[in-house]
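To start, the structure itself, in structure tokens.
The values are calculated or read from the model by the stated rules, or taken from the named source; none is laboratory data. The model shown is predicted, which means the values in this text are computed figures rather than measured ones. When we count neighbours, we look across all protein chains shown, and the Cβ atoms used for this are built from the backbone with ideal geometry, even at glycine.
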Amino acid sequence: MRFRLLLLCLPVLLAACSKTARPVQLDFVGISTLTSGSKTVNPNDTLTTRVYAVGNDNKLKRLTIKVTYDPGIRPIIYPAPLASFDPANAPDKKEIIYLDSLIEPQLGSSRGHDISETLFVNQFAARATSGTELWQYTATDVTGATASRAYRLTARKPDSAAVLHSFTAVLRPVPRQAVVARGVRDRSRVFLNLQYGLLLPKYAVLNQERTVEANQNLVDLICVAGGTGTTVGLVAPANTDTNICQLPAVWTARHATGLHATTLTSAQFAEAAAADFPAGYNNNNAFGTNPFYTGALAKGQVLAFKITEGTTERYGLLLVSDLVLGSAPVLTCVVRVQK
């Protein structure tokens, strides 16, 4: 009987000795208000994804998010007649690192081995141009093991063939004197590209490893809130007044986006043609002594801007279509820009 017991225990002992670490797990939280799978969206739609990752037998080390835009996010300039357009001339695919963050274990196990897990909320805006965007989320543990999930979003813009690009952007600056929870400030989408209609949060342009540094070259304007949210303005990265906005030394791509005040009404803004945009900028002046700052904006205000890319200059108009001040300010603007 004793011999038989030893034989029965032997497979258990062998299984215990050969046990391997359970793999990393990563899943999307799937409810109706969250994006967890591929679908068709409207340009500039605000979407939210909650991603949950577990390291199981090993601690998690890193969470990354990469986005691939196909075609690229640059608006397509269509020829006349439209039938002569060659799809081969469309912008190449563009991949950006949207998030690259080290993970601190949030939970520990009392069962004799370490477990780490993380829940990350990604709120973002869909592309402003027609095409697809592939969002890929990857969790990595301390051994280098990974788990990934992805979904594809498809946006269709009905006026893609227009000679100008238009989009709506919703920016959520954090007041300088506000007391906010850890991570809330970084998630605020305050960095705007005027040509593409791309909105980015802080973690997409700044991190300790500097792996997202290339995205700084996408930023034309930064939305800032003063005091406790009683004022909201727009500032170009070339601004040097640290009382308005102070960028770290590692931010080297400081776009000198020109900002001029206008007296245009919202109706005149909507009627302006792309050929009128340069005059809207050149016939007006800066808002004050700082050429890269609008000062406090007001609902209904229209400003003219100039963005420079190498030797190419593009002009456009921006309408403050809505503005909510307070502890959680929101600036909604409509942008019309030359392609």
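The table for this structure:
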| item | result |
| --- | --- |
| Identity of the residue in the stretch 276-322, of a type in the set (D, E, K, R) and in contact (Cβ under 8 Å) with a residue 40 or more places away in the chain, that ends up farthest from His255 (Cα to Cα) | Arg314 |
| Filter result (touching a residue at least 12 places away in the same chain (Cβ under 8 Å) and surrounded by fewer than 18 Cβ atoms within 10 Å (Cβ to Cβ)) within the stretch 131-144 | Thr132, Leu134, Gln136, Val142, Thr143 |
| Count of the stretch 235-250 residues which are of a type in the set (Val, Ile, Thr) and in contact with a helix residue (DSSP H, G or I) (Cβ under 9 Å, 6 or more places away or on another chain) | 1 |
| Long-range neighbours under 9 Å by Cβ, at least six apart or interchain, first residue of a type in the set (Lys, Arg) within the stretch 67-81, second assigned to a strand (DSSP E or B) and surrounded by 15 or more Cβ atoms within 10 Å (Cβ to Cβ) | Arg74/Lys94 |
| The stretch 22-46, residues that are modelled with pLDDT of 95 or more, surrounded by 19 or more Cβ atoms within 10 Å (Cβ to Cβ) and among the aliphatic types (A, V, I, L, M) | Leu26 |
| Residue within the stretch 323-330 that is out of contact with any helix residue (DSSP H, G or I) (no Cβ under 8 Å at 6 or more places or on another chain), free of Cβ contacts under 8 Å to residues at least 60 places away in the same chain and not in a loop (DSSP other than H, G, I, E, B) present | yes |
| Positions within the stretch 46-68 being touching a strand residue (DSSP E or B) at 6+ places or on another chain (Cβ under 7 Å) and not in a strand (DSSP E or B), in sequence order | Gly55, Asn56, Asn58, Lys59 |
| Members of the stretch 310-322 that are in a strand (DSSP E or B) and among the hydroxyl-bearing types (Ser, Thr, Tyr) | Thr312, Tyr315, Ser321 |
| Of the criteria (1) part of a loop (DSSP other than H, G, I, E, B); (2) modelled with pLDDT of 95 or more; (3) not basic (Lys, Arg), which one Gly233 fails | (1) |
| Number of the exception - Ala161 against (1) small (Gly, Ala, Ser); (2) more than 30 Å from Asn243 (Cβ to Cβ); (3) surrounded by 15 or more Cβ atoms within 10 Å (Cβ to Cβ) | (3) |
| Unmet requirement for Val190, which otherwise passes all of (1) assigned to a strand (DSSP E or B); (2) at pLDDT 95 or above; (3) of a type outside the set (Gly, Ala, Ser) | (2) |
| Test: residue in the stretch 289-309 that is aromatic (Phe, Trp, Tyr), part of a loop (DSSP other than H, G, I, E, B), in contact with a strand residue (DSSP E or B) (Cβ under 8 Å, 6 or more places away or on another chain) and crowded, with 18+ Cβ neighbours inside 10 Å | yes |
| Hits in the stretch 51-103 - residues which are of a type in the set (Gly, Ala, Ser) and buried (at least 17 other Cβ atoms within 10 Å of the Cβ) | Ala53, Gly55, Gly72, Ser101 |
